[in-house]
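Derivation of every value follows stated rules applied to the coordinates shown; laboratory data play no part. Computed from a prediction, not measured in an experiment: that's the story for all the values here. Because the Cβ atoms are built from the backbone with ideal geometry, glycine has one as well, and the counts that use them run over all protein chains shown.
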Ligand SMILES: [Ca+2]
Ligand SMILES: [Ca+2]
């Protein structure tokens, strides 16, 4: 009996030893940039002038997601909810910082990214910008180097973040550390101020323009205007005095060709610099023989307008801003494949857990995209929802299913009430009447009687998503569901309290 037990124990032990999870648990390198539209990258827009050979190689050796989104924001700093969603895997109204945390478990900080990976025996390290983030989750990484680096030199720019990772990897090498690692490599760029290095600014014909009273020099080297550029958005975007629309250094309230082309050039200079910094990290992983056992994820906290639709910031729900780039390379992922995915950034945490063989915390509402990475399915969900309500309430909402997308605006105290309906297969850049396209489908179809039925269907879908996700607001043409809208602007209230 004793011998039999020993045999079973030995067999069990050897099975454990042979299981791939314990033999060589995968490393994770999660890269997140600040404010980048997928359409900046040639991976998503072959016409783009931005050169990113490292990201192109990641895409060629891994999988590119065409349908990756951030779920939205309830404040002007879209970064903040986005980064909460990455860290805890919860939907937008269920975040710890949404609606006073009323839809979030009290112990959520036990179940954020670093907490989960620390418990599983991973070494965890983070570098990123400071601010507009989730400090209670960020400080749980075992090694943290945070600073906002948006300058045009190695010490003041993106190289600094890569240096932190290189130093960390060198220390692992020196101590022969065999534990698997989770490295969170966040860059502060290409968020403004977009100060590029002199070489890359020259490549994209841009200058770090600082004089509010003059235009930047025109330069044929600058990238062309975005395809869906407009000199002005057709109606108020709904957030008066919004920093990103009026106060970004180098742009301010200007939307003229010289200003926008120069700013896109600056964005590209900063983005190519990031690409070079990622290459330094990948080279080091290769030299340490860790590259093949590392999942590499590349994404951004949200997209960006910079002249598209006459907007400059990230507080809108057009595809250039609602979507994010999302590329994954790693063990077992087929090379050079694309998937629609229909993923949100809140799916990152469950996916990383799934790839590392760690139980997904019950507090997570995101869905693992591992089946997509394995080629078993193309999407993890059918319907996608987006919100921006950091300005006047209730704000903007959008919903997407298949090729169809609906955006609704209920802002400026009821004076802006607009509906847009796009067929993204025919109109991927969401051209409006103001873009004057000849193709009848390349415009806003909301008031076209031929698409009235589709509009009704999408309106119903939007309402059902708002109910499902505990959206506390309703739009002018929706039932009020007996909701009491949340109190306005906590900052104002705080100020009142203080004074
Ligand atoms: Ca951001
Ligand atoms: Ca260790």
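Given a Förster distance of 25 Å, report the FRET efficiency between residue 453 and residue 424 from their Cβ-Cβ distance, rounded to the nearest 0.05.
Numbers: r = 18 Å, r/R0 = 0.71.
Plugging the Cβ-Cβ distance into 1/(1 + (r/R0)^6) gives 0.90.
Compute the semi-axes of the equivalent ellipsoid of the stretch 149-199, taking the square root of 5 times each eigenvalue of the Cα gyration tensor, and list them largest first in whole Å.
In descending order, the three semi-axes are 28, 12, 6 Å.
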Pop a pseudo-label 7 angstrom from the Cα along the beta-carbon direction at both residue 120 and residue 480 and give the gap in nm to one decimal.
-> 4.7 nm
Mind jotting down the distance between the C-alpha centroids of the stretch 432-457 and the stretch 119-159, whole Å?
-> 44 Å
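By average Cβ neighbour count within 10 Å, what is the ranking of 453-462, 378-387, 63-72 from highest down?
Working: 453-462: 16.3, 378-387: 18.9, 63-72: 23.7.
The densest-packed peptide leads the list: 63-72, 378-387, 453-462.
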Under the definition of Cα pairs under 8 Å and six or more residues apart, what whole-number percent is the relative contact order of the chain?
-> 21 percent
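Let a ≥ b ≥ c be the square roots of the eigenvalues of the Cα gyration tensor of the stretch 99-156; is it rounded (a/c under 1.5), or, if not, prolate (a/b larger than b/c) or oblate? Before the final figure, lay out the partial values.
Values: a/c = 4.69, a/b = 1.50, b/c = 3.13.
Note, shape of the stretch 99-156 comes out oblate.
Gain in length, residue 470 to residue 130, computed as 0.36 nm per residue apart minus the alpha-carbon separation, to one decimal in nm?
Details: separation 340, 0.36 × 340 = 122.40 nm, distance 2.98 nm.
Length gained, residue 470 through residue 130: 119.4 nm.
Given R₀ = 22 Å, FRET efficiency for residue 167-residue 286 by Cβ-Cβ distance, to 0.05? Display every interim value, and only then the final one.
Numbers: r = 17 Å, r/R0 = 0.79.
The computed FRET efficiency comes out at 0.80.
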Expressed in µm² per second, the diffusion coefficient of the stretch 217-371 from the Stokes-Einstein equation, with Rh the Kirkwood radius over alpha carbon pairs, at 10 °C and 1.306 mPa s, is 86 µm²/s
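Under the Kirkwood approximation applied to all pairs of distinct alpha-carbon atoms, what is the hydrodynamic radius of the stretch 174-231 in Å? Walk me through the numbers on the way to the answer.
Details: mean 1/r = 0.0651 Å⁻¹.
It is 15.3 Å.
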Take the Cα of residue 148, step 7 Å along the line toward its Cβ, and report every residue of the stretch 384-427 whose backbone nitrogen sits under 18 Å from that point.
-> none
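Quick one, what does Rg over Rh come out to for the chain if you take C-alpha atoms and the Kirkwood Rh? List each step's numbers first, then the result.
Numbers: Rg = 23.3 Å, Rh = 23.7 Å.
Dividing the radius of gyration by the Kirkwood radius yields 0.98.
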Quick one: what Rg and Dmax do you get for the stretch 277-323 from the alpha carbons, in Å?
-> 16.7, 47
Please give the residues of the stretch 195-229, grouped as numeric ranges, whose backbone N is less than 20 Å from a label point set 7 Å along the Cα-to-Cβ vector of residue 246.
-> 211-214
Could I get the Rg over Rh figure for the stretch 405-444? Both from C-alpha atoms, Rh via Kirkwood, rounded to two places.
-> 1.06
Output ordering of 334-342, 391-399, 174-182 (per-residue mean of other Cβ within 10 Å, highest first) is 391-399, 334-342, 174-182
What ranking, highest mean first, results for peptides 306-312, 359-365, 440-446 when packing means the other Cβ atoms within 10 Å averaged over each residue?
-> 306-312, 440-446, 359-365
Give the value in nm², to one decimal: projected area of the alpha carbon convex hull of the stretch 53-150, averaged over all directions.
-> 8.2 nm²
P(r) of the stretch 75-215 in 10 Å steps, Cα pairs, percent per bin?
-> 11, 32, 30, 19, 7, 1
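Can you tell me the mean projection area, over all orientations, of the convex hull of the stretch 392-479's alpha carbons? Units nm², please.
Values: hull surface 24.5 nm².
Hull-based average projected area comes out at 6.1 nm².
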Nitroxide proxy distance, nm - points 7 Å out along Cα→Cβ at residue 102 and residue 359 | 3.1 nm
Return the whole-Å distance between the Cα centroid of the stretch 255-269 and the Cα centroid of the stretch 281-327.
-> 19 Å
Here the gain from full extension of residue 416 to residue 279, 0.36 nm per residue of separation minus their alpha-carbon distance, amounts to 44.7 nm
